[in-house]
Amino acid sequence: MIMEISSLQKARYEYAPKLPGMLRNGIADICVVEGEETQSVADQEKIKELFPNTYGKKEITFQKGANTSEAKKQVVGVILSGGQAPGGHNVICGLYDALKATNKENVLLGFKNGPSGLIEDDYLTFDDAYINAYRNTGGFDIIGSGRTKLETNEQFAIAAEVCKKHGITAIVIIGGDDSNTNAAVLAEYFAANNTGVQVIGCPKTIDGDLKNEDIECSFGFDTATKTYSELIGNIERDANSAKKYWHFIKVMGRSASHVALECALETQPNICLISEEVAEKKMSLSQIADYIADSVEKRAAKGMNFGVAIIPEGVVEFVPEFSALIQEINELLAGSKAEAFNALATWKEKYAFIENGLTKASMDVFAILPEGIQQQLFLERDPHGNVQVSLIESEKLFSALVKDKLEERRKAGTYNGKFNPLHHFFGYEGRCAFPSNFDSDYCYSLGYNAFMLIQYGYTGYLSKISNLSKPASEWVAGGMPITKMMNVERRHGEDKPVIRKALVELDGKPFKFFEAHREEWASETCFVYPGAIQYYGPAEVCDITTRTLALEQE
Ligand code: FBP
């Protein structure tokens, strides 16, 4: 079968990603500067105890200088883990190029379909022809991805066997906070068992929640938010042209609202909910609906019966009364009780069962939900029997609640507008887009740098490229022990060492900027139309980073 490719894809094959200045001559010209020993962000004693071989290592930076790394053949295995994020292919391309430029005998293996590929010994060996077909392209189809977790000693023992079989010297895990937590645990296991296999992580996720004082952003966030912002901007322009619809747009981001906030900074919609603020202010569904309805009412009074509201995917979990309701529903249907519920023939009977089982507070919340959402709460269960909150159509939920509020206001005589809502969900549209120049460069650098860390013998480190709001020539390459980013959290009833997830900081500059402008955006039409990602043209159009990063590094 002949694979057809688009003109853009052909052109992107030729794009030469920009590396940080210090990496541009490869290993021959790179030396290591070791910094301070590190401590985990919290729970130091516990993390130290759990990671006796990899805890407290020094942060490192590369700079130009004479290479002192050991000359040995490297066989590296790479894994893509979790949700797709634009640029993943370039991490692998950068890793491959660095590995081959260092020694032509070096080998790169790609384990297929996520971490399970390592356990199942399902892999391919990269060569130039294979790699060249994926340069600067979106997606994770180069080897596939998956969400299997590597976390048990049995899995680690199998992984060690597979590494031994292929003579693997290092594993690179490209993943988010959970996958890199697992990378740290695997690194510790390999070190404790003297396998000689190093483990390096690369920070991935469109959600933008794997960041901290060392990791300025996860890759994919730039392209995904630019893709969503293009679409939101197009919708804003449509809304401003037709002047007859209110668009409720849910954007991905399982938990944190970084994606929603970045899209709001890019497009200046009338409304953008920020889940972290909803939690901080303990807002109820009714208060959120009133907040949106205020904007609808103010705009209607000026003859503007249209608008755009951005809803972060994870928001309902941050509404205290809603998460209490979810917990009660999980208990209500725990174990065999689910069977009794499912045996009831009609929704009326099921409703009575629910009414009987919920507390009054939760029933009050349940009662105001549109029937479609009520039923969704009982249909979609995960393998543990829990409600899958991410599947709740919160964009429809909020527009329905706003509609009710507006009817009340109409009766009270304060509102006399028209409210025609339309709904959208932007998530999968952005995860495999052609990576922006920023993500192409950043990802290639992360992969290239990961090999430098391997070559210099480091394990349990995250590939770190910083100074990202500056041109790539000024970026700084180095590595950070993953244990530095860890703390202990309660997960599934157990205390676990995990990388701390970064939520939107309400005292951070991106949120502060949004907060200072949102009142005006809510009542006026201040839309901004970012347009499509540009790959060719002036740097100020093609190479700009996110507003979030620019504001954070101001
Ligand atoms: P990662 O954290 O693995 O990068 O994935 C994040 C994400 O893209 C979320 O934004 C979204 O909620 C989720 O993946 C969707 O998961 P799936 O691909 O399994 O449907």
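Close contacts from region 525-552, counting a first residue that is over 17 Å from residue 440 (Cβ atoms) and a second that is assigned to a loop (DSSP other than H, G, I, E, B) and open to solvent by 30 Å² or more (accessible area, probe 1.4 Å), with Cβ to Cβ under 6 Å and a gap of 6+ residues or different chains, come to 526/268; 527/268; 528/268; 550/469. Please count how many residues of region 417-433 are away from the ligand (no atom under 14 Å from the Cβ) and either crowded, with 24+ Cβ neighbours inside 10 Å or not aromatic (Phe, Trp, Tyr) (or both). Of the residues in region 417-433, 7 are away from the ligand (no atom under 14 Å from the Cβ) and either crowded, with 24+ Cβ neighbours inside 10 Å or not aromatic (Phe, Trp, Tyr) (or both). Considering the conditions (1) under 20 Å from residue 221 (Cβ atoms); (2) away from the ligand (no atom under 16 Å from the Cβ); (3) surrounded by 24 or more Cβ atoms within 10 Å (Cβ to Cβ), residue 265 is excluded by exactly one of them, (3).
For region 18-34, residues that are open to solvent by less than 30 Å² (accessible area, probe 1.4 Å) and either under 29 Å from the mean Cα position of the chain (by Cα) or closer than 28 Å to residue 543 by Cβ (or both) total 7. Which of the residues belonging to region 104-114 are part of a loop (DSSP other than H, G, I, E, B) and either open to solvent by 10 Å² or more (accessible area, probe 1.4 Å) or more than 16 Å from the ligand (Cβ to nearest atom) (or both)? Once the filter is applied, which keeps residues that are part of a loop (DSSP other than H, G, I, E, B) and either open to solvent by 10 Å² or more (accessible area, probe 1.4 Å) or more than 16 Å from the ligand (Cβ to nearest atom) (or both), region 104-114 yields 104, 105, 106, 112, 113.
If only residues of region 3-59 that are assigned to a strand (DSSP E or B) and of a type in the set (Asp, Glu) are counted, the one that is modelled with the lowest pLDDT is 36.
Looking across region 218-241, the residues that are away from the ligand (no atom under 13 Å from the Cβ) and either under 25 Å from residue 186 (Cβ atoms) or open to solvent by 10 Å² or more (accessible area, probe 1.4 Å) (or both) come down to 226, 230, 231, 234, 235, 237, 238, 240, 241.
Part of a loop (DSSP other than H, G, I, E, B) and hydrophobic (A, V, I, L, M, F, W, C), is that true of residue 158? For residue 158, the condition - part of a loop (DSSP other than H, G, I, E, B) and hydrophobic (A, V, I, L, M, F, W, C) - is not met. All told, residue 78 falls short of being modelled with pLDDT of 95 or more and either over 19 Å from residue 202 (Cβ atoms) or surrounded by fewer than 20 Cβ atoms within 10 Å (Cβ to Cβ) (or both). Of the candidates 402, 389, the single residue that is open to solvent by less than 60 Å² (accessible area, probe 1.4 Å), β-branched (Val, Ile, Thr), within 16 Å of the ligand (Cβ to nearest atom) and over 30 Å from residue 12 (Cα atoms) is 389. Here is a check on your reading of the model: is residue 98 part of a helix (DSSP H, G or I) and open to solvent by less than 10 Å² (accessible area, probe 1.4 Å)? Answer is yes for this residue.
Being aliphatic (A, V, I, L, M) and either open to solvent by 50 Å² or more (accessible area, probe 1.4 Å) or not in a loop (DSSP other than H, G, I, E, B) (or both) is the filter here; which residues of region 118-134 pass it?
Scanning region 118-134 gives 118, 119, 124, 129, 131.
Among the residues of region 213-232, is any within 13 Å of residue 307 (Cβ to Cβ), at pLDDT 95 or above, of a type in the set (Asp, Glu) and touching a helix residue (DSSP H, G or I) at 6+ places or on another chain (Cβ under 7 Å)? Checked region 213-232: no residue is within 13 Å of residue 307 (Cβ to Cβ), at pLDDT 95 or above, of a type in the set (Asp, Glu) and touching a helix residue (DSSP H, G or I) at 6+ places or on another chain (Cβ under 7 Å). When 352, 367, 345 are checked against the criterion of being without any contact (Cβ under 8 Å) to a residue 12 or more places away in the chain and not in a helix (DSSP H, G or I), a single residue qualifies: 345.
The values are calculated or read from the model by the stated rules, or taken from the named source; none is laboratory data. None of the values given here were measured: they were computed from a predicted structure. FYI the Cβ positions are ideal-geometry reconstructions off the backbone, even for glycines, and counts take in every protein chain you see. What goes into the accessible areas is simple: the full protein's heavy atoms, side chains included, and nothing from ligands, DNA or RNA. Shrake-Rupley method; radii C 1.70, N 1.55, O 1.52, S 1.80 Å.
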